[in-house]
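S.K.: Just passing along the structure, written as structure tokens.
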Amino acid sequence: MLRLILLLLVILGSSQVLAQIKHSEPPFSLTLSQALEWDKDSTLAEPRNVSQVPLAERIDPATNPLTKGLDVNAKVLLAPDGMNNFGNYISPQSQFNLYNFTNWAYIDSLNWFAGTADQTVNIPARPWVEAAHKNGVKVLGTVFLGIAQWGGSADTVERMLIQDKEGRFVLAHRLLSMAKYYGFDGWLINQETDLQVVKDDKGQVVKGKVDKKRGRELAKKMQSFMRYLTKISPQEIEIHWYDSMLMDGRVRWQNTLNEKNLPMFQASPDSPATADAMFVNYWWNEEMLIQGAALAIKKGRSPYDIYFGADLWPERRAQRAFSRYKWLEYIFPAGRQARSSLALFANNINFNFAGTDQQAAYSQYKENPEDVLRFYQTEQRLFAGNNLNIAVRDSNEWSGLGAHIAARSVVKALPFISYFNTGHGRIQMSKGKKIAGKDWHDMAEQDILPTWQFAQFNNGDKRVQVRYDFSDAYEGGSSLRVDVKAFTQNSVIVPLYKTAIRLPSNATIHSFAKLNNLPENKISILLEFEGGETEQSFLRKQKASESGWHSNKLDLAKHAGKQVTRISIEIEASDNSGYFLLGGLHIE
């Protein structure tokens, strides 16, 4: 209730609760000194940033009816570049066109990738942690030690590695205390400072001068710090290391797992783990991938603890979204298990890539909220492929991650309620009635959205197109819009949710829709049960509220004890063209 009140105040223009994005300041960004002093009772801690949503348990992806031929072993880490620049807020915002993400079903962890030479410790914002946790996605903060030429310093690293009288690394305990207090799930340690580099009194690099002895000593101590942090971390906490520093203290990105960076991961099968996972830099090829995965196995570790990085930013010549795609085939070879896990870096190309002479911007949504469709479709393309249909593999170059990875879902218990609220809007609705007409944004308000965004069967001529609609909603700021062209043969199926819901004897399904000019008894919510049985709940033009939303409810008592495995929309052949809105779905 308090969150709803805060959101309404923002929408109505209250300056008292409007919290602008804090790019590089507490509680999200801390200097090393602040991090070492941090305590949950200090002024550096922010109770409003404490997540109230535990990490949801996911359904085994191997039970996914769309899993055939898809990998269920590889993990995917998502690292939008510069989360501090567009995600550092606690209170709801009065702006619609802030960064958003919805395809959680293909992600296992979200890294709050941020930091500068001064802002060493970067803490995720609560709204994003809560949105991720609803979908079973872990969230990792970042410890960033900057490149020497850009302000990074061996002195900073040395201060980071201080130990108390008992030999305990002080920062290690601070990092775990922060994660526990705020309710997120671990850390990426991104140590990119060359520890051999010497600087003068003004902090400038002294060219031609290095301190190899200090570099080796600090690197060895950094390894000890990582082993200590990994060892004392609770089982649910993940500690990741970025492929950068070597054991002589130099920064040399290896772009694979090899003998040079192995000590920062797992020196030998009998030695303690230095990290739970490694984020590998981007300049790798198929041979490097195979060799790195093989070395992990040789050292007694899973190849899925190695996340090979994919830099999607168009101006950087690494993986480059959509125009380069062989790297995806290297990780996911046809007919075989994935070779490693994957770290997607700079997927926020749909938000703040402004375009170049060679590549136009994917959307102008950041500057123009009216361009929201292209913003969403660019993210959809990343996962669904060029054809924007996860159900049909796109053979035209970019096939999308969804063609290789099985989607994950958390929909396994009742009640299940979704209003297809993406966490922002141009309006605010409650039970079909407009309560405010201004822009807002709050990722904490995002519902559990469709597992597949979007899939369509029997839709070869694109008779049906699915997207989010921000002009109308039943609850929140968005609904699901389905555009339909007249067709005469075969029903189109739009899978929405992978589920594992065991129905009690009193279960019901309740939907809220606007059919507009489309006929009733041609569109239904389709429940698929274990064993292949189905049940349809038709969207009818009855019991319409004053706002025009039709309420349809179906008793599921005859299916008591059965398990619902998928929720879809079925659209039967009709002479009518138009669109309908699905504003809410309850199974209780």
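The values are calculated or read from the model by the stated rules, or taken from the named source; none is laboratory data. Note that this is a predicted model, so its numbers are computed, not measured. Because the Cβ atoms are built from the backbone with ideal geometry, glycine has one as well, and the counts that use them run over all protein chains shown. Side chains included, ligands, DNA and RNA excluded: accessible areas come from the protein's heavy atoms. Shrake-Rupley method; radii C 1.70, N 1.55, O 1.52, S 1.80 Å.
S.K.: Note down the magnitude of the dipole of the range 182-329 about its Cα centre, charges +1 on Lys and Arg C-beta and -1 on Asp and Glu C-beta and zero elsewhere, to the nearest 20 debye.
M.R.: Using Cβ point charges on Lys, Arg, Asp and Glu, the range 182-329 gives about 680 debye.
S.K.: Roll a 1.4 Å probe over the protein chains and send me the accessible area per residue for the chain in Å².
M.R.: Result: 40 Å² of accessible area for each residue.
S.K.: To make sure I understand the rule: partners must be lysines, Cα under 22 Å from the Cα of Lys134, and not fewer than 8 residues away in the same chain. Which ones qualify?
M.R.: Here the lysines satisfying the reach criterion relative to Lys134 are Lys75, Lys180, Lys412, Lys498.
S.K.: A further question on this structure: What fraction of the DSSP beta bridges in the range 145-257 is antiparallel, stated in percent and rounded to the nearest 5?
M.R.: Here the share of antiparallel DSSP bridges comes out near 45 percent.
S.K.: Which of the peptides 165-172, 441-448 is most tightly packed, and how do the rest follow, going by the mean number of other Cβ atoms within 10 Å of each residue?
M.R.: Taking the mean over residues of other Cβ atoms within 10 Å, the ranking is 441-448, 165-172.
S.K.: Using a Förster distance of 45 Å, how high is the FRET efficiency between Val72 and Ser577, based on the Cβ-Cβ distance and rounded to 0.05?
M.R.: So, using R0 = 45 Å, E works out to roughly 0.70.
S.K.: Can you give me the C-alpha center-to-center distance between the range 422-495 and the range 157-220, rounded to a whole angstrom?
M.R.: For the range 422-495 versus the range 157-220, the Cα centre distance is 47 Å.
S.K.: Of the heavy-atom accessible surface of the range 34-141 (probe 1.4 angstrom), what whole percent is carbon and sulfur?
M.R.: Ligands and nucleic acids excluded, carbon and sulfur give 48 percent.
S.K.: Also, I was wondering about something else. Considering only DSSP beta bridges whose two residues both sit in the chain, what percent are antiparallel, to the nearest 5?
M.R.: 65 percent
S.K.: Same structure again: What full-extension length gain, to one decimal in nm, is calculated for Asn517 and Arg316 as 0.36 nm per residue of separation minus the Cα-Cα distance?
M.R.: Extra length available between Asn517 and Arg316 comes to 67.6 nm.
S.K.: What residues have an amide H closer than 5 Å to that of Trp241, excluding those fewer than 5 places away on the same chain, when H is modeled at 1.01 Å from N in the peptide plane?
M.R.: Ile189, Ala277, Met278, Phe279
S.K.: Give, as a single signed number, the net charge of other residues whose beta carbon lies under 11 Å from the beta carbon of Leu32, with Lys and Arg counted +1 and Asp and Glu -1.
M.R.: Around Leu32, the surrounding residues sum to -2.
S.K.: Quick one: putting +1 on the C-beta of Lys and Arg, -1 on the C-beta of Asp and Glu, what dipole do you get for the chain around its Cα centre, in Debye to the nearest 20?
M.R.: With only Lys, Arg, Asp and Glu charged at Cβ, the dipole is about 440 debye.
S.K.: Here's another thing I want to ask about it. Taking 7 Å along the Cα-to-C-beta vector as the label spot, tell me the Leu373-Arg168 distance in nanometres, rounded to one decimal.
M.R.: So the label points at Leu373 and Arg168 sit 5.8 nm apart.
S.K.: Ignoring ligands, DNA and RNA, what percent of the accessible area of the range 142-204 is carbon or sulfur (1.4 Å)?
M.R.: C and S fraction of accessible area: 47 percent.
S.K.: Using a 1.4 Å probe on the protein heavy atoms, what percent of the accessible area of the range 304-454 belongs to carbon and sulfur?
M.R.: Exposed carbon and sulfur together represent 44 percent of the surface.
S.K.: I've got another one for you. What is the range 262-407's relative contact order, in percent, from Cα pairs under 8 angstrom and six or more apart in sequence?
M.R.: RCO, the range 262-407: 16 percent.
S.K.: Something else now. Testing the spin-label approximation: label points 7 Å from Cα along Cα→Cβ at Val50 and Ser430. State their distance in nm.
M.R.: The two pseudo-label positions are separated by 2.7 nm.
S.K.: For the range 137-189, what is the charge dipole size about the Cα centre, in debye to the nearest 20, if Lys and Arg each add +1 at the Cβ and Asp and Glu each add -1 at the Cβ?
M.R.: Using only the charged Cβ atoms, the result is roughly 180 debye.
S.K.: Which three numbers, in whole Å and largest first, are the semi-axes of the equivalent ellipsoid of the chain derived from its Cα gyration tensor as √(5λ)?
M.R.: 44, 26, 22
S.K.: Tell me the label-point distance for the pair Lys213, Thr356, using the 7 Å Cα-to-Cβ offset, in nm and rounded to one decimal.
M.R.: Once both label points are built, they end up 4.5 nm from each other.
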